Amino acid sequence: MSLLIKGGRVIDPWNGVDGVQDVLVIDGTIAKLGVGLKAPEGGAVVDATGNVVCPGFIDIHVHLREPGFEYKETIATGTRAAAAGGFTAVACMANTFPVNDNRAVTDFILAKARVEGCVRVYPIGAATRGLKGDELAEMGEQAEAGCVAFSDDGKCVMNAEVYRRAMEYALPFGVPIISHAEDCHLAHRGVMNEGLVSTELGLAGQPATAEDVMVARDILLAELTGAHLHIAHISTAGAVRMVRDARARGVRVTAEVTPHHLVMTDEAVRDYDSNTKMAPPLRGKRDVEACLEALTDGTLDCVATDHAPHALSDKEGEFAEAANGVVGLETAVPVLLDRLVRQGRLDLPTLVARFTAGPARLLNLPGGRLSVGAPADITVLDLERAWTVEPRHLLSRSKNTPFAGWSGTGAPVLALVGGKPALPSYPLAISGGAA
Amino acid sequence: MTWKRKDLLSMQDLEAGEIRDVLDTAESMKEIATREIKKVPTLRGKTVVNLFYESSTRTRTSFEIAGKWLSADVINFSASGSSAEKGESLLDTAKNIEAMSPDVVVVRHKASGAPAMLARNLRCAVVNAGDGAHEHPTQALLDLLTIREKKGHLEGLNVTIVGDVAHSRVARSDIHGMKTMGITVTVAGPPTLIPAACQELGVKVSHRLEEAIAHADVIMMLRLQHERMTAGFIPSLREYSRVWGLSPDKLKHCRSDVLIMHPGPVNRGVELSPEVADGPYSVILDQVTNGVAVRMAVLYLLAGSKGA
């Protein structure tokens, strides 16, 4: 079974490729790249002329909500949302119910993903039992079962001793500890970023320092233990600076940033729309600029959505009472293609790298590259495709997007997982080929 | 008359001309309080719902009297605790009330932004009677009316607001309204009770009471909530009262024609000593009287001036 993707601009940062080439896929793996490749007899063909062909995009920070919160999202709906957004693999956080702090839950997620998922799913296990922050989770068995990292994401492990032990214990498994850096005392009851906007709105603010203090602590713990620390959803200029300094010193720290923290500030909270409420909160202009600069220079390894679906009943009502989090899988690529690449603030190959090689290296995943023999996970972009975000059209079970009504140009038009379209229909058609 | 708004949600929204309209209208309403029969037919057949999710004596009573003197049907809906505790969302409650066709909903809620959310979802007029630490526009309007009455004008005056600015919706509304009317505003209090980026609101910030009140034409003392102490913002009420409370000897540093104001209810002996609260500089009860006039003006502008 073969598929030839013809005539597209291939951008594969892992292999340093950027040019018009054809990509030949045979039996679900990359068989050959080159100019003027011929489609094998009876093989399928995609005409990607004018489009951009990339390794499959990877989102390492997603809440699939299953088991336990199926009214918000399921593995089936969440992976469809991922596939629609151009992602071919996601890593899902452990704050399900029950918490993914033991092998049984990891096995369940992987089994469900095999049957109902349409992109690859990599579970992230809890670092502490029940996300309570006081006893270690069974990381050994979970790593064996397939967990690619450990994190109490959604909560911060406030006890530094416990976190030190978690980092040390994870060392032999060669996977990172992912930190949700938020000092819960400093964050206090803050429901948005502390600053002029919080003062004017009369909403309790949490200072950027609540994040910075924890990033500082975790970097020191990584230095002490030698562990690979990954900072989730970094959002402040201070945290970015500390990560940059720590990397220069040789500390094993990586970091991700969300699309919303790259293109929105706390000004967006002004009409008390709870779809602008998330943790960490939308920050100030200076923080947004620092995050973009760090994404550009490689201090930040990847973009990750922190896709956090919530039902309307969790989000409607008073801002202070609403749940934290926004969906992001279906908007990440279009929003960044338009607001960053099209507006000339970030070049396309760098953005592609932050969605492919960056996350794949960080979690030691097999994807993120178009190397011969690698799985044929491929994302195709159409830089001229116009879009408008209509919440009711999202495939995610939840519609809590901060980008409702946004429009722009540039979007994914095809996502292949193991050489096959992740969704039954895509804007970019595949012609020919035996089913 | 230039009033065109559906709702009154914040002082930050209002322009000087709109504020002047409310104050002028309120001034003309004051005469009604002096009549033997305190009732005019202006809002006959109109329904005003007071939707109060937080306890309030003077604001609710003030709106109720204002509505009744204008002949509106006034219904009080008090919900104890938060909407979540009641098991019915604020929006559901409000939509149920709207289904009964009120003309104005006056809402007080502990959540900042709750009136804005109602205004977006309801066809009737919404008046913010205090939302969280956000705004309390009718309080600012009655403060401005009181100052204008006593001083004859607003522009060029110096007002100092003292106390828990961080958690005060009154302070925010006063700051916006006063700035718009050309008043120079100073806020003073311990740094823990001054909100982030406060100077960016266009006010001076002082951490010394004597210095902050020395040149003030008006001193607005804010109520200190007792829970600020347990939450660690101040060490004790005793110390707060000594440093930030207004006592007769601190008043010696002030102008001889200074006005002392307070949005109420006063913590006597904490932010204001009884001698000052009841003393010659105090216009606290004038504020309450003017509160009714301002709320009559607001109800009239929102529900009555469009014609029946």
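Only the coordinates and a few stated rules stand behind these numbers; no lab work does. Just so it is clear, the model here is predicted, and its values are computed rather than measured. Cβ sites come from the backbone with ideal geometry, for glycine too, and all protein chains shown count toward neighbours.
Between 0 and 90 degrees, rounded to the nearest ten: what's the tilt of helix A:209-225 against the longest Cα principal axis of chain A?
70
Which peptide among B:100-113, B:152-165 comes first, and what is the full order, when sorted by highest mean count of other Cβ atoms within 10 Å?
B:100-113, B:152-165
Calculate how steeply helix B:169-180 sits against the longest principal axis of the alpha-carbon atoms of chain B, using the helix alpha-carbon long axis, and give the answer as 0 to 90 degrees to the nearest 10.
90
Given labels modelled 7 Å from the Cα in the Cβ direction, how far is it in nm from B:Glu210 to A:Leu312?
6.1
Rounded, prolate or oblate, given the Cα gyration tensor of region A:64-193, with a/c below 1.5 counting as rounded?
Oblate.
For region B:199-236, which trypsin sites (Lys or Arg not before Pro) are both in a DSSP coil and crowded by at most 10 other Cβ atoms within 10 Å?
B:Arg208
Name the residues whose placed amide hydrogens come within less than 5 Å of the amide hydrogen of B:Val187, ignoring near sequence neighbours (fewer than 5 apart) on the same chain.
Residues meeting the amide H criterion: B:Ile161, B:Lys204, B:Val205, B:Ser206.
Work out the count of Lys pairs in chain A where the Cα-Cα distance is under 13 Å, with the pair 8 or more places apart or on different chains.
7
Using a basic spin-label model with each label point 7 Å from the Cα along Cα→Cβ, how many nm lie between A:Ala160 and B:Lys4?
5.9
For chain B, what class follows from the C-alpha gyration tensor (a ≥ b ≥ c being the square roots of its eigenvalues): rounded when a/c is under 1.5, otherwise prolate if a/b is larger than b/c, else oblate?
Note, shape of chain B comes out prolate.
Return the loop-located trypsin sites (Lys or Arg not before Pro) in region A:122-205 (DSSP other than H, G, I, E, B) with at most 12 other Cβ atoms within 10 Å of their own Cβ; answer none if there are none.
Listed in order of number, the matching sites are A:Arg189.
With r defined as the distance between the Cβ atoms of B:Asp73 and B:Arg120 and R0 fixed at 22 Å, what FRET efficiency is calculated, to the nearest 0.05?
0.30
Rounded to the nearest 0.05, what FRET efficiency do A:Arg392 and A:His188 have when you use their Cβ-Cβ distance and R0 = 30 Å?
Step by step, r from the Cβ atoms, then E = 0.25.
Along region A:400-413, what does the Karplus equation 6.51 cos²θ - 1.76 cosθ + 1.60 (θ = phi - 60°) give for ³J(HN,Hα), rounded to whole Hz, x for Gly and Pro?
Here the 3J(HN,Hα) series is 7, 9, x, 9, 3, x, 5, 9, x, 9, x, 7, x, 10 Hz.
Apply the Karplus parameterisation 6.51 cos²θ - 1.76 cosθ + 1.60, with θ equal to phi minus 60°, to every residue of region A:288-297 and state each ³J(HN,Hα) to the nearest whole Hz, in sequence, with x for glycine and proline.
In residue order, the calculated couplings are 4, 5, 5, 5, 5, 4, 6, 5, 5, 7 Hz.
Taking the simple approach of a point 7 Å from Cα along Cα-to-Cβ for both A:Arg129 and B:Asp257, what is their distance in nm?
Spacing of the two 7 Å Cα→Cβ label points: 7.4 nm.
What does the average come to when, for each residue of peptide B:104-113, you count the partner chain Cβ atoms lying within 10 Å of its Cβ?
Taking all residues of B:104-113 together, the mean is 4.
Which of the chymotrypsin sites (Phe, Trp or Tyr not before Pro) found in region A:23-71 are loop residues per DSSP with 15 or fewer other Cβ atoms within 10 Å of their Cβ?
Of the chymotrypsin sites (Phe, Trp or Tyr not before Pro), the ones in loops of region A:23-71 whose Cβ has at most 15 other Cβ atoms within 10 Å are A:Tyr71.
How many angstrom separate the Cα center of region A:1-20 from the Cα center of region A:413-430?
15
If packing is taken as the average number of other Cβ atoms within 10 Å across a peptide's residues, how do A:394-403, B:289-298 rank, most packed first?
B:289-298, A:394-403
Per residue of A:185-194, count partner chain C-beta atoms within 10 Å of its C-beta, then hand back the mean as an integer.
1
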